[in-house]
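First up is the structure itself, then whatever we jot down about it.
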Amino acid sequence: MDKILNREEGRLLAERIAKEAGVNVRECYQCGKCSAGCPMADSFDLMPRQVIHCLQLGDMEEIFKSKSIWLCASCHTCSERCPHEIDVATLMEKCRIEAQAKGYCGQEDVKLFNDIFTETIRYFGKSQEVILEGAYNVASGHLVQDMENVPKMLKKGILRPEMNTVRDKDAIKKIMEKTEEGGAVK
């Protein structure tokens with residue numbers, strides 16, 4: 001696991017993340033609207049505004065060690081509420097990607113879920129909830145987690161036992177490969 005050894009390295013990394021997200025973190029004046037609207041805030045150890053403050057300071061180690069970037073639901077409520085139109089959700093995602101690349105993981109179950117989710121999309125072309133839930137439960141050791149909800153979800157049509165695929169799975173694979181490479185999809 002690579003560690004950020006000093007503030008200068010952290011500052012440069014924070015600047016790169018902000019640039020990739022198309023955000024000027026200096027515009028944030030810590031009003032807290034992003035944090036107040038966050039549906040995951042009660043589970044966070046760093047509120048969205050605190051993540052931005054850490055980016056302003058170049059304190060990437062604090063961000064990478066937090067569980068907040070892993071628990072972010074990417075709902076974009078924070079970004080929508082920001083009076084300076086700072087795309088907080090994209091910053092959280094970029095921080096999560098960078099943390100993973102450097103070997104940090106504040107929430108193993110979230111990483112496991114994301115990995116399984118990505119693989120089901122790569123294989124089927126779209127999410128297969130039944131397979132996703134089953135594979136996650138087995139891999140995480142939570143074998144019967146959420147099973148009491150399955151009959152209700154089947155009855156309401158939220159889950160379906162039949163496979164739900166796309167016509168051109170290869171196109172989805174190509175999109176995923178390009179995004180993983182960081183390139184443009186053509």
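Annotations for the structure displayed:
- The chain: Cα Rg divided by the 2.2 N^0.38 Å rule of thumb: 1.15
- Fraction in percent of alpha-carbon pairs per bin - 5 Å, the range 108-179: 3, 16, 22, 21, 20, 11, 6, 1
- Gaussian network model of the chain, Cα within-10 Å springs - most flexible of Ile121, Ile86, Ile158: Ile158
- The range 1-141 - accessible surface per residue (Å², probe 1.4 Å): 52
- Amide H partners (placed H, <5 Å) of Cys105, local residues excluded: none
- Here the chain has 52 percent of its accessible surface on carbon and sulfur atoms, given a 1.4 Å probe and all protein chains in place.
- Relative to the compact-globule estimate of 2.2 N^0.38 Å, the Cα radius of gyration of the range 8-101 comes out at 0.94.
- Residue-wise HN-Hα couplings along the range 64-77, as the Karplus relation 6.51 cos²θ - 1.76 cosθ + 1.60 with θ = phi - 60° gives them from phi, are 5, 7, 7, 8, 4, 5, 8, 8, 4, 7, 6, 7, 6, 4 Hz; Gly and Pro carry x.
- Rounded to whole numbers, the Karplus 3J(HN,Hα) couplings from phi for the range 108-125 are 4, 4, 5, 4, 4, 4, 4, 5, 5, 4, 4, 5, 5, 5, 4, 7, 9, x Hz, using 6.51 cos²θ - 1.76 cosθ + 1.60 with θ = phi - 60°, and x at Gly and Pro.
- Thr90 accessible area, assembled protein chains, probe 1.4 Å, Å²: 40
- Under DSSP loop assignment and at most 15 Cβ neighbours within 10 Å, longest GluC sites (Glu not before Pro)-free interval of the chain: 1-84
- Estimated dipole of the range 8-101 in Debye, rounded to 20 [Cβ of Lys and Arg +1, of Asp and Glu -1, Cα centre]: 160
- Take Ile63: with every protein chain present and a 1.4 Å probe, its accessible area is about 0 Å².
- A cut-off of 5 Å between modelled amide H atoms, ignoring neighbours fewer than 5 places along the same chain, links Leu159 with Leu154.
- Per-residue surface analysis assigns Ser43 an accessible area of about 40 Å², computed on protein heavy atoms at 1.4 Å probe radius.
- Lysines with Cα under 26 Å of Lys33, excluding same-chain neighbours fewer than 8 positions away: Lys19, Lys65, Lys67, Lys94
- Number of Lys pairs (Cα under 20 Å; 8 or more positions apart or on different chains) in the range 108-179: 6
- Whole-Hz ³J(HN,Hα) from phi, Karplus 6.51 cos²θ - 1.76 cosθ + 1.60, for the range 26-37, glycine and proline x: 5, 6, 6, 10, 6, 6, x, 5, 5, 6, 5, x
- Gaussian network model of the chain, Cα within-10 Å springs - most flexible of Val23, Val166, Val88: Val166
- 222 nm mean residue ellipticity, helices alone, for the chain (DSSP H n ≥ 4; -39,500 (n - 2.57); rounded to 500): -16500 deg cm²/dmol
- Of Lys152, Lys102, the residue with the largest accessible area leads and the full order is Lys152, Lys102 (1.4 Å probe).
The values are calculated or read from the model by the stated rules, or taken from the named source; none is laboratory data. Quantities reported herein were computed from a predicted structural model and do not represent experimental measurements. As a convention, Cβ positions derive from the backbone with ideal geometry for all residues, glycine included, and neighbour counts pool all protein chains shown. The protein model used for the area step is the full one, side chains on, heavy atoms only, and it has no ligands, DNA or RNA in it. Shrake-Rupley method; radii C 1.70, N 1.55, O 1.52, S 1.80 Å.
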